[in-house]
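Student: Here it is, the structure in full.
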Amino acid sequence: MSDVSTRRDDAAPQRETGIQEFPRRDARPYRRPEAGGGENFVNQATSIVQRVAVTSVSEIDRLIAELETLREFLRQEGVRIQREIDGYARLSEEAVKSTKIIAESVAQWKSTLSNLGRR
């Protein structure tokens, strides 16, 4: 424990010096605003706001254009997919009709073979 208390005692002056110098380092000297300084600040702030606004507006315009392009692409894809669905529906209808014709033909052959077998 004596080692710990010795270490604490050795570090104490360094901490005190650091604490005493802390306000001195961070303190800013007081300056009176120059004549017209408020107006200069307002002009600078206005300029910054205008630059940010122009950048923001141009970024928003770019995004709107990109979204419009994507919307048109999606619309075209929707039309294309609808055409494909219509094609598959017609193909499915034709497949059902063909299956019915084949089933009817097989039934007729079966009936004919059955009649021939009875004779």
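Student: What net charge do the residues around Q82 carry, taking every other residue with its C-beta under 14 Å from that of Q82, with Lys and Arg at +1 and Asp and Glu at -1? Please report the intermediate quantities before stating the final value.
Tutor: Values: positive: R75, R80, R83, R90; negative: E77, E84, D86.
Local net charge: +1.
Student: Once you have the Cα-Cα distance between L63 and Y88, take 0.36 nm times their residue separation minus that, and quote the gain in nm to one decimal. All intermediate terms of the calculation are to be shown ahead of the outcome.
Tutor: Working: separation 25, 0.36 × 25 = 9.00 nm, distance 3.68 nm.
Roughly 5.3 nm would be gained on extension.
Student: Output wanted: per-residue J couplings in Hz (rounded whole) for the range 55-68, from phi through Karplus 6.51 cos²θ - 1.76 cosθ + 1.60, θ = phi - 60°, x for Gly and Pro.
Tutor: 4, 5, 5, 5, 5, 5, 4, 5, 5, 4, 4, 5, 5, 5
Values quoted throughout were computed directly from the atomic coordinates according to the rules given, and no laboratory measurement underlies them. What you see is a predicted model; the values in this text were computed from it and never measured. Quick reminder, even Gly has a Cβ in these numbers, built from the backbone with ideal geometry, and neighbours come from all protein chains shown.
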